[in-house]
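Participant: Here it is, the structure, as structure tokens.
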Amino acid sequence: MLPIAVASSEPYRQSAEAVLAVLGSDAERGLSGAEAERRQAAFGPNLIATAPPRSGWRRFLDQFASALVLMLIAAGAISAAIWLHERGTPLPYEALAISSIVLLNAAMGYVQEARAERAAAALRRLSAAHARVIRDGETLSIDAAALVPGDVILVAEGDTIPADGRLLQATALQTVEAALTGESVPTAKDVAALPDGAEPADRANMVWSGTHAVYGHGRAVVTAVGMQTLMGRIAGLIEKAPQDETPLQRELERVGRVLGAVVLAIAGAVIGTILLMEGVRDLPQVLNVLILGVALAVAAVPEGLPAVVTAVLSLGMQRMARNKAIVRRLAAVETLGSATVIASDKTGTLTRNEMTVRRVVTASGSVALTGTGYAPDGALEFPDAPAARPALAQEVERALIAAERANNAILHEGADGFVVHGDPTEGALIVAARKAGLSAPALDARFARLGEVPFSSERKLMSTLHSDAERPSHLILVTKGAPDVLLAHCTGELRGEAEVPLGEARRTAILAANDALAGEALRTLGVAYRALPAPDLADGAVTAEHERDLVFIGLIGMMDPPRLEARAAVAQAHAAGIRTLMMTGDHPSTATVIAREVGIPVDAGVVTGARIAALDEAGLDRVVAQASVYARVDPEHKLRIVAALRRTGETVAVTGDGVNDAPALKAADIGIAMGTTGTDVSKEAADMVLADDNFATIVRAVAEGRAIFANIRKFLRYLLSSNIGEVMTMVLGLLLAGRIGLSDAAEAAGGGVALPLLATQILWINLVTDGAPALALGIDPADGDVMTRPPRRRGEGVITGTMWAGIVFVGAVMAAGTLFVIDLSLPGGLVEGQGTLAYGQTMAFTTLVLFQLFNVFNARSDTASAFVRPFANRWLIAAVAGSLLLHALVLYLPALQQAFSTVPLTVRDWLLCAAVASSVIWTRELWKLGARVLWRRRGV
């Protein structure tokens, strides 16, 4: 049996021998085949566990799990029942329309969310398919899933690490761990034990499942497999991370519940009022009253709302996709617009994840290099002092030649741009040489490689031996490595073309220059050379013994630079009232420099993962309210930061590209992954993927999200005010039937209940006016100030108190105007008219339709005049024209006249209805004017 639980051990703190002893393994022979089988049975396969995917039918049924959609299903059933009773039309048009809306909404949601929960499955694709393992003293290639704790694995350049392991041997081994730790440069590995408390990014004696070896080779004993690996732990965090509803989803659910209660109250009130006031007693009349009350309740529900919301979000998704922002979840489109914080990863998000040489320092001064990334576009910027330039130019050229020659990386130009095969640091040196005009063919022709002393973590140096076509009698040894180590091997320094002795004063100055570069978050390398007589090393058998009496050339400082557009994007976000935070696994000094370069404030200092781990919730809440830069943070720390931000009322967007970012991406209000450099895991955990990895794209997407949310408010304002107008017309019409001539007209028509509108007319109004005009409002052009307003507060409803006041006001104007037209059209009442009940109801029917079509222009803003850019939305004009045409068909086609109990109207009638209906524009304009004056006085 295994002596301890492997998952709970901390092998980085123990010596390699102690770890082998604990795991019951042998560095040379590994495990026996029988022992490996026993452990496989105990620990299970080396795979990332995934939750079973939801079935297709379950995902489809989930689309109906909202109060509003369930109300629409009930409305469709009620409408079908009305049609079955009355048979007033050839088909149940309203029921069919509602059913179509519900099914379309479900289908659109299903398609958009079909790929929703596959983050953990993507982790499997990062795992190595095979592993080289030592068992019974033999080297075997096995399926990586068969690895167990205690297996001894071999790792070489180009391998994907198949499991977490403690290194037993490392020869110049370097691994790329950016996806797990956020470090943008390869990590040099060592076998020495480390002190307690080292973060995963600092555990040089460990290798991690899913990372890649880019240099050297080594041997490790497996310490964790499957879900016990660092990768598996992150997968567990992804599974546990809550997937909360978006603010829009929560608000629509709330509106649905409120409407449900209102609908029941209205239906009960109307039915009770008619039964009490009209003296209805016989069964057919009671049934008619019940049907009317139910129809009115159905009219109170904005049938088009779910479909319009889905359609508007879908159209927004398409626009975002054209702008390189691919949204994977419909509701996330709106959520991004309400973001108050963007918590961004550094590597690959604010920076390019491409090492770039920024500075070369030699004896005669320093040179800056322009350009970022692996494209060799840029130049050397020399100081203004002309006297120093010739010598400096010679020294810099020699330094870059040495760095380019002592190099095993390859710079390749492909269809998608330049890429580096090999160590990114070495790739950056090649790019710097190309910027200086040093071409590979020319250097290959002059300096052919004869031998190499590989880099090792013990020596921290790498040397290559070259012939020199211009000096056939000599060979050149070029060396690069850690500056402090390299200096100890140097006895001279290059000044111009001359070699001068390297004294203690210059050594001190060089180390001070190295510290200054490190203070700018630059990773530094020193380069040196030595000329050797050709006969001494004719066979190229160079060794570490030859790394002495070197001539120091200079220091090279490099970093993963910020994206050129990142600073402007951060400034735009700030102008829009959005805080930008940085969360990185990189070193605090690097995080500080990058934050300053892109404009993220560092006044509150850099908060490390160790400090976060020591804080309780209250303490962390106080920290996140002030600090904007977080360094050396792991996935758990990022999760805690996101949770604290949300507790303090922020709506959080999190960006990232690595596996280590995935849990925070899923836990945020909206997760944003990088499409080019991002891992499959981060993309699947995110709500949105940036196709161009451009931080500025986020700001454009925020603007789109805000415009979409503003449009959602527009059509909510329109739909709810129109439906309230219908309800108030019916309720007040019943209460005032005797005053406006309805009772007398109903009596003259043969008795029955005096109604302002028939049930079929109410349903038709909803069908005609709730669809196309509302959808057209959903694609209204964005207001010019969309990115100068502050984000809305978390918890602020989609419909505010001011909006509700305007909605009720407009509904009251509609009801008053419609009842006034009825009074004008019927005998008796306050104003004497001449028409029949059918004529009066047709006039009311037409007036209410026109009220709603006028109101659609009001609904474009709660404050701006309807006459501001009235024709900016051509789809809105077309939708209003289409609705008018459909209504005209109801008035003038005999079959529809019979179905909806209408009579044809004259031009004079139309003008009267239009004049009254236009009052909703003028009264609302006065309301908006008063609001603007009041706001100006308050300084809003």
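Values quoted throughout were computed directly from the atomic coordinates according to the rules given, and no laboratory measurement underlies them. Small disclaimer: the values here were computed from a predicted structure and weren't measured. Methodologically, a virtual Cβ is constructed for each residue, glycine included, from the backbone with ideal geometry; neighbour enumeration extends over all protein chains shown.
Participant: 5 Å is the cut-off here: which amide hydrogens, built 1.01 Å from N in the peptide plane, fall below it relative to H212, excluding neighbours closer than 5 in sequence?
Facilitator: I161, V176
Participant: Please give the FRET efficiency for R254 paired with H130, using the beta carbon to beta carbon distance and R0 = 60 Å, rounded to the nearest 0.05.
Facilitator: 0.65
Participant: To two decimal places, what compactness ratio does region 794-940 give when its Cα radius of gyration is scaled by 2.2 N^0.38 Å?
Facilitator: The value comes to 1.22.
Participant: Counting other C-beta atoms within 10 Å, which of L893, L732 has the fewest, and how do the rest follow?
Facilitator: If I rank by nearby Cβ atoms, fewest first, I get L893, L732.
Participant: Is any residue of region 894-918 close enough, with backbone N under 15 Å, to a label point placed 7 angstrom from the Cα of A888 along the Cα-Cβ axis, and if so, which?
Facilitator: Label zone hits: 894, 904-911, 914.
Participant: Next question. In nm, to one decimal, how far is the A614 label point from the A469 one, both placed 7 Å along Cα→Cβ?
Facilitator: A separation of 6.0 nm, rounded to one decimal place.
Participant: Let me ask something else about it. Could you calculate the FRET efficiency of D416 with L315 from 1/(1 + (r/R0)^6), where r is the beta carbon distance between them and R0 is 22 Å, rounded to 0.05?
Facilitator: For R0 = 22 Å, the calculated efficiency reads 0.15.
Participant: Please identify which residues in region 472-498 have an amide N closer than 18 Å to a label point set 7 Å out from the Cα of A534, following the Cα→Cβ vector.
Facilitator: Residues 472-478 fall inside that zone.
Participant: Can you give me the C-alpha center-to-center distance between region 847-905 and region 400-438, rounded to a whole angstrom?
Facilitator: After rounding, the separation between the Cα centres reads 66 Å.
Participant: Enter the Cα centre distance for the pair region 495-512 and region 183-229, rounded to the nearest angstrom.
Facilitator: Using only Cα atoms to place each centre, the spacing works out to 37 Å.
Participant: Right, next: Find how much the distance from E381 to A265 grows on full extension, using 0.36 nm per residue of separation minus their present alpha carbon separation; answer in nm with one decimal.
Facilitator: Result: 34.1 nm gained on full extension.
Participant: Another one. Under the 0.36 nm per residue contour assumption, what length would be gained going from the current alpha-carbon distance of A505 and A881 to full extension?
Facilitator: So the extension gain works out to 126.7 nm.
Participant: Right, here's the next one. Suppose R0 equals 56 Å; then what is the FRET efficiency for R869 and A442 from their Cβ-Cβ distance, rounded to the nearest 0.05?
Facilitator: Approximately 0.35, to the nearest 0.05.
Participant: P(r) for region 356-559: what percent of alpha-carbon pairs falls in each 5 Å bin, starting at zero?
Facilitator: 1, 8, 16, 21, 22, 17, 10, 4, 1, 0, 0
Participant: Across bins of 10 angstrom width beginning at 0, how are the C-alpha pair distances of region 368-460 distributed, in whole percent?
Facilitator: 14, 43, 31, 11, 0
Participant: Something else about it: Taking Cα centroids, how far is region 638-657 from region 598-612 in Å?
Facilitator: 15 Å
Participant: Working out 0.36 nm times the residue gap between S141 and E796, then minus their Cα-Cα distance, what length gain in nm do you get to one decimal?
Facilitator: 229.9 nm
Participant: Just list whichever of K460/K480; K189/K460; K346/K460; K346/K435 have alpha carbons separated by over 18 Å in the model shown.
Facilitator: The answer is K346/K460; K346/K435.
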